[in-house]
Every structure is written in C-alpha cells, then in structure tokens.
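So the structure is just underneath, and the comments pick up after that.
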Amino acid sequence: MTVLDLLVEKLPTAKRTTLRRLLEAGRVRVDGAIVRRLSQPVGESAKCEIAPASPAIVRRLDPGFRTVYEDADLLVVDKPAGLITQSGPRDRRKTLVEMVRADLASRDPRAMLGLIHRLDRDASGLLVLTKNPVAYRSLKSQLRRRTIGREYLAVVRPAPSPDRGQIRSNLVERADGTVHSVRSPSGMNAVTDYVTVSAKNGQALLRIRLHTGRKHQIRVHLSERGYPIVGDTVYGGAPAPRLLLAAVNLEFIHPRTGKPVVFSIEPPSELIEYLQRDPPPTPER
C-alpha cells in the first residue's frame, strides 16, 4: 500500500493533481508524519490525515456567510446583506459564488458548484447551491416547475391594507436595471403572496411567499401596492441601514433521497429591532 492508496480511500473523487498539491503544501500526514510522495510505501494500518488550509488562506477566503447545511450534493447558506450573489466576468466585486467556490476548493476539490437561485445584494438569507451536475439538474428542474418553496420576511411602511393578499403582475426591466409592472403580456408573469405577521405604529412585518422568482419581484410588488420595504430607497422605501428583507425558509426535494427537506433561520435582528422602535416623523411638506 502507498500514500496514493490512502488518499484515494479518503478522497475517492479527487484528481491526481489535487492530491499532489495537498502533498506539496505539506497538508498530508501518515501516522503523524508529513509525507511528500504519492508512491511512498505505508503499512496496512497506517492512518492518513489531511490538515486544513493555512490560517492565512482561511482568513482570505472567509466570506462572512454561514453554512446552514452541507452534504455530498448541496449546500444551503445564509447570505449576508450587502454581498452580491453572482456577477458578470467584468465585475470585480466579491460575490457569494466566488467565495463558496474558493472555500469548497480547499475541502472538496472535485465539487462542481451550481447556483440555483439568487438574492438581491442588499437582501439576506437562505440560498441553495449544488455540488454536482445531477443535483444541479434536479433543483433547476424543481425551480422551473415552481416546486421550490421560498418564504421571506420584510418590514414595510406603511402597514398594508388588507393585511394579506396575493399580488399578480407582468414585470419588465428598465434600461437602468430597475423593474416595474406593465399591463402588456410581454412582461414576465410574477405572483407574490403576503400576510401580516405583526404591526406597530403604522409599520408591519410581512411573511411573503414566492410563486415565481423574478428580479426585484417582492420589492416592486410591495412598492406598487403602496407599502414599500423599509430600506429600499430604489422603490420608495423609508431610509434604513439595510434593506429589511430576508429569505428565512427554503423547501425542496432532496436530489439524492427524493424526500422533502426544509431549512429555516431566525429573522435578522435588524428587522425585529426596527419594527419595535417608533417610526421617524413624517417630513413636513
């Protein structure tokens, strides 16, 4: 038996070049000693360990996002507000996809990262990404069939009336990237359900469920109904340190087991704290 045999047992999907890089970085130990050659003989009972990346690399890759769940097929992460999900090739801003891919490279080098859906830069919350083509195709198919459940919380001002309802419209993107509803059938059909969870001083916390996933859908629908999200200055919301919109619940069929899975997180503290305080006075005209 050789070091290569031990590594193949430990990382069965890793390429030979990846295994060599682990050795070159001094991250492979057999029975506590660093090894440098894949062909080095070892005993049948030898114990192989792979050290994590150096602290300097870990700090560089630390994205500030939280992994809620991970297995061989997918990851569910909690994206912070202010972080772009994905960008174009000429955009040099840091993105969630870029950081997840870099993090996976140090732990699961054969993973093929796939993005299933997005969140606006200034929104926070749950996103699912896949690690292999089979899982990607399964979840993309579920997204097209609208069987992935996505629920959000948002603070709006003023509180909606009625306190629950469904909003339907066709959405069109303008040249500047903003979105609006049109009566023409040429727009993208969008459907949003909302219900008021609590209200205070003319403000309200809404639970929102998407039937479709269009760009800025929740923000535009609520704004056009007259109760924009707090912090959404693009669509007429009251100023706040951040957009008070968060994806807090995610449901889908696991691509390997075929069983439904549900992931939930607590509402961001900023939403609850803003709702509890008195609203700023309305400016005099």
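The values are calculated or read from the model by the stated rules, or taken from the named source; none is laboratory data. Computed from a prediction, not measured in an experiment: that's the story for all the values here. Positions of Cβ are backbone-derived with ideal geometry, glycine not excepted, and every protein chain shown enters the neighbour counts. Accessible surface is based on the protein model in full, side chains and every heavy atom, while ligands, DNA and RNA are left aside. Shrake-Rupley method; radii C 1.70, N 1.55, O 1.52, S 1.80 Å.
Just a few scattered comments:
- For region 157-208, taking the residues that are open to solvent by less than 20 Å² (accessible area, probe 1.4 Å) and among the polar types (S, T, N, Q), the one that is modelled with the highest pLDDT is identified as 192.
- Test: residue in region 78-89 that is at pLDDT 85 or above, in a loop (DSSP other than H, G, I, E, B), more than 14 Å from the chain's Cα centre (by Cα) and surrounded by 11 or more Cβ atoms within 10 Å (Cβ to Cβ): no
- Which listed residue is open to solvent by 30 Å² or more (accessible area, probe 1.4 Å), touching a residue at least 12 places away in the same chain (Cβ under 8 Å) and either among the acidic types (Asp, Glu) or farther than 26 Å from residue 65 by Cβ (or both), from 221, 211: 211
- Of all residues in region 26-49 being within 23 Å of residue 102 (Cβ to Cβ) and either among the hydroxyl-bearing types (Ser, Thr, Tyr) or exposed (fewer than 15 other Cβ atoms within 10 Å of the Cβ) (or both), the one that is modelled with the highest pLDDT: 49
- When residue 109 is tested against (1) open to solvent by 30 Å² or more (accessible area, probe 1.4 Å); (2) more than 18 Å from the chain's Cα centre (by Cα); (3) under 21 Å from residue 217 (Cβ atoms), just one condition goes unmet, and that condition is (3).
- From the options 157, 121, 146, 174, residue that is free of Cβ contacts under 8 Å to residues at least 24 places away in the same chain and of a type in the set (D, E, K, R): 174
- Test: residue 229 is of a type outside the set (Phe, Trp, Tyr) and surrounded by 21 or more Cβ atoms within 10 Å (Cβ to Cβ): yes
- Residue ID - farthest from residue 67 (Cα to Cα), chosen from residues in region 255-276 that are at pLDDT below 90 and of a type in the set (A, V, I, L, M): 275
- The set of residues in region 178-191 being among the small types (Gly, Ala, Ser), within 22 Å of residue 234 (Cβ to Cβ) and part of a loop (DSSP other than H, G, I, E, B) consists of 187 alone.
- The set of residues in region 228-251 being of a type in the set (A, V, I, L, M) and part of a strand (DSSP E or B) consists of 229, 245, 246, 247, 248, 250.
- Subset of region 103-122 (residues that are in contact with a Phe, Trp or Tyr (Cβ under 8 Å, 6 or more places away or on another chain) and of a type in the set (A, V, I, L, M, F, W, C)): 112, 116
- Residues of region 192-218 that turn out to be under 14 Å from residue 181 (Cα atoms), under 18 Å from the mean Cα position of the chain (by Cα) and either of a type in the set (A, V, I, L, M, F, W, C) or not in a loop (DSSP other than H, G, I, E, B) (or both), as a count: 2
So that you can scan it fast, the table gives a plain yes or no per residue for (1) touching an Asp or Glu at 6+ places or on another chain (Cβ under 7 Å); (2) among the small types (Gly, Ala, Ser):
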| residue | (1), (2) |
| --- | --- |
| 228 | no, no |
| 238 | no, yes |
| 244 | yes, no |
| 250 | no, no |
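- Members of region 117-127 that are surrounded by 19 or more Cβ atoms within 10 Å (Cβ to Cβ) and either modelled with pLDDT under 95 or in a loop (DSSP other than H, G, I, E, B) (or both): 119, 120, 122, 123
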